[in-house]
Each structure stands twice: as C-alpha cells, then as structure tokens.
Amino acid sequence: MSMHELTQNDEDNLVFMVEIIRQMNARGENPGTGGNYSYRPEKSKGDFLMISESGVDKGVFGREHFIGIDEKGEVLPLWQKPGRKSSAETGLHLMAYEETNANCVLHSHSLESLWFCDLFPGKDLIDITGLEMIKAITGFTTHEETLYIPVFENSQDIASLSEKARKTIRHAPGFLIRGHGLTCWGNSVWEAKRHLETFNYLFQYFTKRS
Ligand SMILES: [Zn+2]
C-alpha cells in the first residue's frame, strides 16, 4: 500500500474543495490562476499534503489539479510531470500546517480583503469586536470578544512572509497580505469554508459601511 494513500473521505473532501474553489471563482475571489488551496490527508504524518497545481485557471479547476507534495513543498513522485509545480505560495500553507491543527487551507484574492486592509493603513493587527459573526470563528463564543487579524505587507519573499505570519499565528485562523488577499484555515474543509466566508463577511461589513 502506498505511503501516500488517499482514503475515500480524503477523496470526498477534495471533491468538496473543488466545489468551494468554483464558488470562490464565481464570487471573483480567484480570477485567472489566482488563489491556492491545500488539504492534509487523513493518514498524513505532516509529510504529505494535497495542494492546487500552479497556473491552473480556477474557473476550470478540477480534482485532477490537486497534486501531492512533501513537507518541503516538493511534488511527490506519483504526481510529478514535466513543468508541474505547486503554487509559489506553498510556503504559507506549510507554515499553517506546522503551527496549527489545520487540515485545510484556503487562499483568496477577494477584493474585500484588499479594501479592508486599505481602511487600516499602517496597522499590523486589525481588531474587530461587536459583531455577531465573530462567533463563526472557532474559539469565539460571544460578539463581545475581540478578533485580531494579522496584516502583512505584500512580498514575493514567501519564506520571510511565512516567518512573520508564524509569529502571529495564535491570533486568528487566518491572516491578510496587503494588496494581495487572505489566507485562512480550519481543522476540516467545512471549518475552513466557514472561516473564509466569515472573514469575507466581516471585510464586507467594514468596506461597504465606509
Ligand atoms: Zn496569492
């Protein structure tokens, strides 16, 4: 039996993620080849992740566009093809799996996430309180708690961006990159989806109100 085996539950989760990616594309969150998504298979010991292949238009993204990578982001033999590679932003996913109990990571280029950052120039931790939807973020039980969302300047140096994000990982199941987008996660595909939709809802609240 392969050490990089996918269970039926994994297959179901990956098909569900394809549906989420198509929904995100329909909402304009990942135009063209933007955005990337990953999943930790049930039998993975941290050395096996499924991630979206780089350069695939998200409007036609399918199950076959998930490829297996190791803990360093290298494509595993079973999925190797000439020119095939995982996203340039794979390092951000790897960091989230290393530091949290995430089993699914979603990266969105939603316009609301960019506009939300623009409302808070110079801030590296944006605080949100008083909104009922905060409770949709795991760990929050009342609207009176404060959610702190880390924000970083955009950079093509993913390694340094990952290290910055690692230091703030305790604040929220996600972080923002200015002019770029949102990375968020959950311990299941459902939880990651809920967090993505909640963050986008909160971003819309502030950007449409302003
Ligand atoms: Zn991106």
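Scanning the range 156-183 for residues that are charged (D, E, K, R) and not in a loop (DSSP other than H, G, I, E, B), which turns out farthest from the ligand (Cβ to nearest atom)? Across the range 156-183, the extreme among qualifying residues is K167. If the condition is being part of a helix (DSSP H, G or I), within 12 Å of the ligand (Cβ to nearest atom) and either more than 15 Å from G34 (Cβ to Cβ) or not β-branched (V, I, T) (or both), then the range 74-94 contributes G91, L92, H93. Of the residues making up the range 61-118, just one is crowded, with 20+ Cβ neighbours inside 10 Å, charged (D, E, K, R) and more than 20 Å from S155 (Cβ to Cβ), namely E112.
If you check Y37, Y97 for being modelled with pLDDT of 95 or more, part of a strand (DSSP E or B) and closer than 18 Å to S162 by Cα, only one passes: Y37.
Of the residues making up the range 57-73, not one is assigned to a strand (DSSP E or B) and within 16 Å of the ligand (Cβ to nearest atom).
The values are calculated or read from the model by the stated rules, or taken from the named source; none is laboratory data. If you're wondering where the values come from, they're calculated on a predicted model, not measured in any experiment. As a convention, Cβ positions derive from the backbone with ideal geometry for all residues, glycine included, and neighbour counts pool all protein chains shown.
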